[in-house]
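For reference, the structure is listed below as structure tokens.
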Amino acid sequence: MKGNTLRVGWFLAKRQIVGSSKATTLLIIFIMLLTYLNLVVVSGILVGTIQGIVNTIQEKYLGDVFISTLKNSRYIERTPEMVSFIKTLPQVENITVRYTESGVIDAKYKEIQKSKEIHDTVATSIAGIVPSEEDMATNLREMITEGEYLADDDYDQVMMGASLFRRYLDIESDIYSVLDDDVVIGSKVMISIGDIKREVTVKGIIQTKVDEIDRRVFFTANQFRNLVGRYDYSANEMMINIKKDTDPIAVKNTIIGAGYGKYAKIQTALDAEPQFVKDMRDTFAMLGNIISSIGLVVAAITVFIVIFINAITRRKFIGILKGIGISNFSIEFSYIIQSVFYAVCGILIGVLIIFLLLKPFFAENPIEYPFGDGILVAEVSGTTIRAMILLIATIVAGYIPARMVVKQNTLDSILGR
Amino acid sequence: MITIKNLYKTYRTNEIETPVLRGIDLIVKEGEFLGIMGKSGAGKSTLMYQVGLLDHPTSGEIVLNGINTEKMTKEERTEMRLSTLGYVFQDYALIPELTASENVMVPLLMQGLDLKEAKKISDGVLSSMGLAERVENKPSQLSGGEQQRVSIARAMAHNPKILFADEPTANLDSISGVAVMELFKEIHRKGQTIVMVTHEEEYAKYCERIVYLEDGKIVREIKSK
């Protein structure tokens, strides 16, 4: 009997869907579509705001595995040996090594010699990189907004982060001092690292929206090491990118397992992520879930009302069906099928819109924030889970009103009492 | 086929009791065509609803096809309505979004027939009732007489033991009414047990036996010539 029950439910549902008003059906599907988009896109954009920042930090600064100095060390000891070891690991795609020191940029060092006027200085981080290796790992070359990217053999030329300039970061505070707008490509600036001073030419300006990069001055590694006397090649940072579908934790553990944990802090990008980013991600995810939950409740109520009105206006026919021996569950099942139909249509259209339209659109046109680019986070697993949640909510919201009407006395339903 | 003993039905609304059936005793034999007549409010339809398992009597006993219905569960009553009983309602009671054929198919599908078999039987029954050209029409595209014939087809398609008809000609013009009654006559000739409620004397003559109800009691019984 159970098979017949479902078959008749299916038969009735199919006929009801085909026979119902096209405008009403489209409206309900549209509501389900909006609900699904609300479920996925709102939280996706909220999470994506943070994820965009995280992705940028990972792409431009941390990589998949990030190696930095230990708490009380100034450098990473045995850097060349460690780099050689890392390059032998099969999961490793590329590695870039960075040397850093604190320093000061002075843009008006010539004027002060003449007139004693106020310096145009900024205290910042001075870094040495192998430009080609850095570009290989971070695509930094594409981030040039003015001038040119450094060449490996450049000398007395530097690349500077955009956040060091007023025209890019129009704020002035104790933390964020900036250079005046008269510093342009080709300008000469004085770099001081402790007692060491070097006049250099600004070759390029880069803007990545990652503070650690955009507040730096970049020399070539060769000149930087010579300048600061880092002849043992001891670095301060190493960024490792690994091959697709490999596990950064395994790479991290391998490096630690080889004994290099004694000389440097070895972290995955997730470990190295600042705590505030983790907190923000959790908060935004929670906000997204709250907004989505409200959307879900609204959708469930909508389906409830639609099915209830449908069932109550068809109460007489429900009574007749019961009267001629159709089981209650067949009739209830027909309403469940209708609810599922509305939900599935809405979800399918939603999935197409998300994956064919919204995701590519946000990937091409990210929401630009000063601190990073917001993307739409909509993974297949997440969208599937949300689809299932919507489907279940819809089934329950469709079943309850149908049950309420079907449960009524058969004769009263037939006679409209 | 049907045995009714001391049947009472009282409706209660806000503490007000309205007795509608007051001790009905009736036996309907297999293959009989019984008419139930009486004035409005006499309890004709109420009696049919109790016997047709669409409602529960206040007291009394109803035995259908040898089965005492008093202690049947809801599911058993539904099952019996599907397998043993057929209904023709005054206002046809067809499902508007289903075609004539589909309306007839629904109880057949519930009985376990597959779509193809059910469609074959449905179209066959409708054809035998002169509706071969109308099987794919929806109720709104049919005349009142045609709709009632579809309703009869739905009631008869699964070969019920007992066919109940509640004022089947009430909404029809005289020509359609006669056509419907001729259909009942034909069905009865093949041995079908029919219980029909009507208040129209001209159609009551099609019945073998007529019981008259007044204030919830059988006051008269006549056999048709």
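Among A:G103, A:I206, A:V47, which residue has its Cα positioned farthest towards the positive end of the charge dipole of chain A, with +1 placed on the Cβ of Lys and Arg, -1 on the Cβ of Asp and Glu, and the dipole taken about the Cα centre?
It is A:V47, whose Cα lies furthest towards the positive end.
If you line up the Cα atoms of chain B on their principal axes, what length do they span on each, largest first, in Å?
Sorted largest first, the three principal extents are 48, 39, 36 Å.
I'd like the trypsin sites (Lys or Arg not before Pro) in the range B:4-45 restricted to DSSP loop residues with at most 14 other Cβ atoms within 10 Å, sorted by number.
B:K29, B:K39
Can you tell me which of A:4-11, A:287-294 comes out highest on packing, and rank the rest after it, using the mean Cβ neighbours within 10 Å?
The densest-packed peptide leads the list: A:4-11, A:287-294.
Suppose R0 equals 30 Å; then what is the FRET efficiency for B:S224 and B:N6 from their Cβ-Cβ distance, rounded to the nearest 0.05?
0.70
Who wins for biggest fluctuation among B:T73, B:T46, B:T84 in a Gaussian network model of chain B, springs between alpha carbons below 10 Å?
B:T73
Using modelled amide H (1.01 Å from N, peptide plane; none on Pro or chain starts), what sits under 5 Å from the amide H of B:E214, excluding residues fewer than 5 places away?
Close amide H contacts, sequence-distant or interchain: B:V219.
For the pair A:T25 and A:K87, what calculated FRET efficiency results from E = 1/(1 + (r/R0)^6), where r is the Cβ-Cβ distance and R0 = 51 Å, to the nearest 0.05?
Using R0 = 51 Å, I get an efficiency of 0.25.
Show me the helices of chain A, taken as full DSSP H stretches, that run 15 Å or more along their long axis by Cα and average -1.0 or above in Kyte-Doolittle hydropathy.
Qualifying helices, which must be both long enough and hydrophobic enough, are A:2-19, A:22-37, A:43-57, A:275-313, A:328-352, A:380-406.
Find the relative contact order for the range A:70-263 and round it to a whole percent, using C-alpha pairs within less than 8 Å whose residues are 6+ positions apart.
Averaging sequence separation for qualifying contacts and normalising by length gives 33 percent for the range A:70-263.
In debye, nearest 20: dipole of chain B around its Cα centre with unit charges on the Cβ of K, R (+) and D, E (-)?
Dipole about the Cα centre, nearest 20: 500 debye.
Only four residue types carry charge here, +1 at the Cβ of Lys and Arg and -1 at the Cβ of Asp and Glu. Report the dipole size of the protein assembly as shown about the Cα centre in Debye, rounded to the nearest 20.
My answer is approximately 3040 debye.
Rank A:T24, A:T220, A:T96 by mean-square fluctuation in a GNM of chain A with C-alpha springs under 10 angstrom and give only the top-ranked residue.
Top of the fluctuation ranking is A:T24.
Just want the answer: with Cβ charges of +1 for Lys and Arg and -1 for Asp and Glu, which residue in B:T69, B:L115, B:Q147 is farthest toward the dipole's positive end in the range B:42-154?
After comparing all options, I get B:Q147.
Provide the packing ranking of A:367-378, A:199-210, i.e. peptides ordered by the mean count of other C-beta atoms within 10 Å per residue, highest first.
My ranking of the peptides, most packed first, is A:199-210, A:367-378.
Per 0.36 nm of contour for each residue apart, how much would the distance between B:K71 and B:E200 grow if the chain were fully extended, relative to their Cα-Cα spacing?
42.9 nm
Starting from the Kirkwood radius over alpha-carbon pairs of the protein assembly as shown, derive D by Stokes-Einstein at 20 °C in a medium of 1.002 mPa s and give it in µm² s⁻¹.
Reported coefficient: 68 µm²/s.
Set the Förster distance to 60 Å, then compute FRET efficiency between B:S83 and A:D282 from the Cβ-Cβ distance, nearest 0.05.
Between B:S83 and A:D282 the formula returns 0.50.
Hey, got a sec? Which chymotrypsin sites (Phe, Trp or Tyr not before Pro) in the range A:47-96 land in a DSSP loop and have at most 14 other Cβ atoms within 10 Å?
Counting only loop positions with at most 14 other Cβ atoms within 10 Å, none of the chymotrypsin sites (Phe, Trp or Tyr not before Pro) in the range A:47-96 qualifies.
Within the range B:1-53, report the GluC sites (Glu not before Pro) that DSSP leaves as loop and that have at most 14 other Cβ atoms within 10 Å.
B:E15, B:E30
Averaged across B:93-105, how many Cβ atoms of other chains sit within 10 Å of each residue's Cβ atom?
Average neighbour count from other chains, rounded to a whole number: 4.
Across the residues of A:14-20, average count of Cβ atoms on other protein chains within 10 Å?
So the per-residue partner count for this stretch is 3.
What number, in percent, do you get for the relative contact order of chain A if the mean sequence gap of Cα pairs under 8 Å and at least 6 apart is divided by its residue count?
Relative contact order of chain A: 30 percent.
Along the positive direction of the dipole of the range A:70-263 (beta-carbon charges: Lys, Arg +1; Asp, Glu -1; about the Cα centre), which of A:N222, A:S192, A:I249 reaches farthest?
A:I249
Report, in degrees rounded to the nearest 10, the 0 to 90 angle that the Cα long axis of helix B:74-83 makes with the longest principal axis of chain B.
On a 0 to 90 degree scale, this one is about 50.
What does the highest-first list of A:385-393, B:112-120 look like by mean Cβ count within 10 Å?
Sorting A:385-393, B:112-120 by mean packing, highest first, produces A:385-393, B:112-120.
Before anything else, pin down the relative contact order of the range B:100-168: Cα pairs under 8 Å, at least 6 apart, normalised by residue count, whole percent.
Result for the range B:100-168 is 40 percent.
Per residue of B:76-82, what is the mean number of Cβ atoms on other protein chains within 10 angstrom of that residue's Cβ?
Going residue by residue through B:76-82 and averaging, the value is 4.
Using the Cα centre of the range B:1-117 as the reference point, and only Cβ charges (+1 on K/R, -1 on D/E), how large is the resulting charge dipole? Debye, rounded to the nearest 20.
Roughly 440 debye, rounded to the nearest 20.
Quick query: amide H of A:V377 versus all other amide H atoms, modeled in the peptide plane; which residues come in under 5 Å with a sequence gap of 5 or more or a different chain?
Here A:I45, A:G48 satisfy the definition.
Work out, step by step, the length gained on full extension between A:K244 and A:D153: first 0.36 nm times the residue separation, then minus their alpha carbon distance; give nm to one decimal.
Computed gain between A:K244 and A:D153 is 29.6 nm.
Please identify, among A:M32, A:M82, A:M238, the residue showing maximal mean-square fluctuation in a Gaussian network model of chain A using a 10 angstrom Cα cutoff.
Among A:M32, A:M82, A:M238, the largest GNM mean-square fluctuation belongs to A:M82.
Since every read-out is calculated from the coordinates, none of them should be taken as a lab result. Just so it is clear, the model here is predicted, and its values are computed rather than measured. All Cβ positions, glycine included, derive from the backbone under ideal geometry; neighbour counts span all protein chains shown.
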